[in-house]
Amino acid sequence: MAKRITNRNEDYSQWYIDVIKEAKLADHSPVRGCMVIRPHGFALWENMKAGLDQMFKDTGHENAYFPLFIPKSFLSKEAQHVEGFAKECAVITHSKLKSVEGGVEVDPESRLDEELIVRPTSETIIWDSYRNWIQSYRDLPILINQWANVVRWEMRTRLFLRTMEFLWQEGHTAHATKEEAIEETEQMLEVYRTFAEEFMAMPVKTGVKTASERFAGAVDTYCIEALMQDGKALQAGTSHFLGQNFAKAFDVKFQDTDGEHKYVWATSWGVSTRLIGGLIMTHSDDNGLILPPKLAPYQVVVVPIYRGEEQREAVISYAEPIIKELESHGITVKLDNRDNYKPGWKFAEHEAQGTPLRIAVGPRDVEKGNLELARRDTLEKNIVPADGIGPRIKDLLDTIQADLFNSAKKRMDDSTRTVETYDQFKKEIEDGGFIYAHWDGTAETEEKIKEETKATIRCIPFKETAEPGKCMVTGNKSERRVLFARSY
RNA sequence: CGGGGAGUGGCGCAGUCCGGUAGCGCAUUCGCUUUGGGAGCGAAGGGUCGCAGGUUCAAAUCCUGUCUCCCCGACCA
């Protein structure tokens, strides 16, 4: 077999790129830092969207759409927010081109009176609308999500993990009370955790970001953090409690039941196409992509094997009712009946593309009433009777989904350690993985650790790990261990 | 944006040092044989060598600029 994918242990970054190329998920675009999402990659994203969207609806949210362009003045209304995003905004300054010899150039006559910002996130334009929508406590809560693209002018990009334009969803909610807003923030983090673990089979740690890692404009940022195969952490989703920062910046008040005018409490939360990068680096191997059945564009591929037209007809007519039966069990199946590729070629291609399960049917199977099942995750092959194939495959897909999660969970647990001293920390961090250690809570210590070890605090875990101790660096008091890792 | 590497038919590369008019493998097209792990043989098509200038009788090769990608830093979902 021609080796088209670099081995993970040789060059992890190159492996990542190779997997994306071979799985036909995305291409680099002619524009720096952007990507073309190919049909297979987009089908995966659509499945992720569908799963998340249902979970948003189930928790009472509605979808809406706000503009791509934001008046420059809006960005300057919330001080922290401006500071966080100012350095990475695409700015629209002109509205016209004019033809010149050999091409076009910007028409200097068309300079805009007020420049527009291509949204890096939509808090500002959404809160401008919310001001008009909210007068009374009766108008609350507002629970809105939007699916959109955003642009952040990044210096260094990687397919899916960090692109200048990316697709995401951003939820923006408005509440009458602080408690309700915090509850919403927690609820959406839980939605993300559930999605990551149950759909993506990607286990995550949850917690609160430190001040330096917090979303610009948030009071608190909650996050899910996953651990990639190379031992680096990936921030996979964030849910922000925004306090009254945006309400004050955009003057959004409501009259409460007590007659008082009060500022509204807010949240925002998002996940992006970065999740695809996380999915790749959680499960895939040196043969290519491995997809969990719940998100795979199709769960089963059927590859017919035949010699001559007569066998072809026999094999296809044997396969068709099998496919129907699978579909009747809610399984998504693709019959790969292309005549211009040989079975071996198809095997390799579907392997690279991550299809969870392959069924091969040939004359031998037709004769004996069998089929050959091959699992993508374990590469295990079995000959099984075609009878009762529906329930069998349904079970097997569930097993694959569970096995993927369990092995990723085991990998994460095995590479999560607790250390006491800074020396020990420096040594252990070289091996990657998550490390729980005591920290004195200051930005100075956090920065020092980052400079000396390249590790950052991924999150301050929720109360379950409360345990007083001493900061590994300064020896000062610490209330609980926090989670460190080197990250993407 | 700093340091390093790279851009040559669709893909992967050689040729660049030492200038002489572009080659290999895979893929593609056609024909025959094939089909249970990326098929074999034969024939054919396809590249102004990332782009823009410059030097030269002559540039993939030398010089200048610029764009893109990869790796390492600073920044970040």
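What's the center-to-center distance, using Cα atoms, between segment A:54-88 and segment A:210-261 in Å?
12
Note down the net charge around A:Pro391, summing +1 for each Lys or Arg and -1 for each Asp or Glu among other residues with Cβ under 13 Å from its Cβ. Don't skip to the end; give the middle numbers.
Working: positive: A:Arg392, A:Lys394; negative: A:Glu325, A:Asp387, A:Asp395, A:Asp398.
Value of the local net charge: -2.
Take the alpha carbon atoms of segment A:417-485, find their radius of gyration, then divide it by 2.2 N^0.38 Å using N residues; give the quotient. Could the numbers behind the result be given before it?
Details: Rg = 10.6 Å, N = 69, 2.2 N^0.38 = 11.0 Å.
Dividing the Cα radius of gyration by 2.2 N^0.38 Å gives 0.97.
Just to confirm a number: summing +1 for Lys and Arg and -1 for Asp and Glu over residues other than A:Glu109 whose beta-carbon lies under 12 angstrom from that of A:Glu109, what do you get? Walk me through the intermediate numbers first.
Values: positive: A:Lys96, A:Lys98, A:Arg111; negative: A:Glu105, A:Asp107.
So the surrounding residues net to +1.
Using the Cα centre of chain A as the reference point, and only Cβ charges (+1 on K/R, -1 on D/E), how large is the resulting charge dipole? Debye, rounded to the nearest 20. Numbers along the way, then the final one.
Working: 64 positive and 78 negative charges, 167 e Å.
Roughly 800 debye, rounded to the nearest 20.
Bin width 10 Å, origin at 0, all Cα-Cα pairs of segment A:300-395: what percent of pairs per bin?
Taking all Cα pairs of segment A:300-395, the binned fractions are 16, 54, 29, 1 percent.
If packing is taken as the average count of other Cβ atoms within 10 Å, what order do A:27-37, A:300-310 fall into, highest mean first?
Working: A:27-37: 14.7, A:300-310: 18.1.
So the peptides A:27-37, A:300-310, ranked by packing, come out A:300-310, A:27-37.
Taking a threshold of 22 Å on the Cα-Cα distance, which of the pairs A:Lys426/A:Lys450; A:Lys232/A:Lys410; A:Lys205/A:Lys477 fall above it? Could the numbers behind the result be given before it?
Values: A:Lys426/A:Lys450 11 Å; A:Lys232/A:Lys410 15 Å; A:Lys205/A:Lys477 24 Å.
Pairs exceeding 22 Å: A:Lys205/A:Lys477.
Antiparallel versus total DSSP beta bridges in segment A:300-395: what percent is that, nearest 5?
Beta bridges within segment A:300-395, antiparallel portion: roughly 55 percent.
If you take every residue apart from A:Asn63 with its C-beta less than 12 Å away from the C-beta of A:Asn63, what net charge results, scoring Lys and Arg +1 and Asp and Glu -1? Working shown, then result.
Numbers: positive: A:Lys49, A:Lys57; negative: A:Asp53, A:Glu62, A:Glu170.
Here the charged neighbours net out to -1.
Roughly what % antiparallel, to the nearest 5, for the DSSP beta bridges in chain A? Mind dumping the intermediate values first?
Numbers: 75 of 90 bridges.
Here the share of antiparallel DSSP bridges comes out near 85 percent.
Given A:Thr157, A:Ile117, A:Leu75, which one lies farthest toward the positive end of the charge dipole of segment A:73-172, if we put +1 on the Cβ of every Lys and Arg and -1 on the Cβ of every Asp and Glu?
Of A:Thr157, A:Ile117, A:Leu75, it is A:Thr157.
Please give the direction-averaged projected area of the C-alpha convex hull for chain A, in square nanometres with one decimal. Before the final figure, lay out each step's value.
On the way: hull surface 117.8 nm².
Mean projected area of the Cα convex hull: 29.4 nm².
Rounded to whole Hz and in sequence order, give me ³J(HN,Hα) for segment A:135-141 from the Karplus expression 6.51 cos²θ - 1.76 cosθ + 1.60, θ = phi - 60°, writing x for Gly and Pro.
10, 10, 4, 5, 7, 10, x
Given the -39500 (n - 2.57) contribution per DSSP H run of 4+ residues, what per-residue ellipticity at 222 nm results for chain A, rounded to the nearest 500 deg cm²/dmol? All intermediate terms of the calculation are to be shown ahead of the outcome.
Details: 14 runs with 168 residues, N = 488.
Using -39500 (n - 2.57) per qualifying helix, the result is -10500 deg cm²/dmol.
Expected output is a single nm value to one decimal: the length gained when fully extending between A:Lys426 and A:Asn406, i.e. 0.36 nm times separation in residues minus the C-alpha distance. What is it? Please list the in-between numbers first.
Details: separation 20, 0.36 × 20 = 7.20 nm, distance 2.89 nm.
This chain segment gains 4.3 nm when fully extended.
Fewest Cβ neighbours within 10 Å first, please rank A:Phe215, A:Phe66, A:Phe85 accordingly. Kindly include the intermediate steps, with their values, before the conclusion.
Values: A:Phe215 24, A:Phe66 18, A:Phe85 21.
Fewest-to-most ranking of A:Phe215, A:Phe66, A:Phe85: A:Phe66, A:Phe85, A:Phe215.
Over the C-alpha atoms of segment A:1-137, what are the Rg and the largest Cα-to-Cα span, Dmax, in Å?
21.4, 67
All of the numbers you see were taken from the coordinates with simple rules; none came from a lab. Quick caveat: nothing in here was measured; it's all calculated off a predicted structure. A quick note on method: Cβ atoms are made from the backbone with ideal geometry, for glycine too, and the neighbour counts reach across all protein chains shown.
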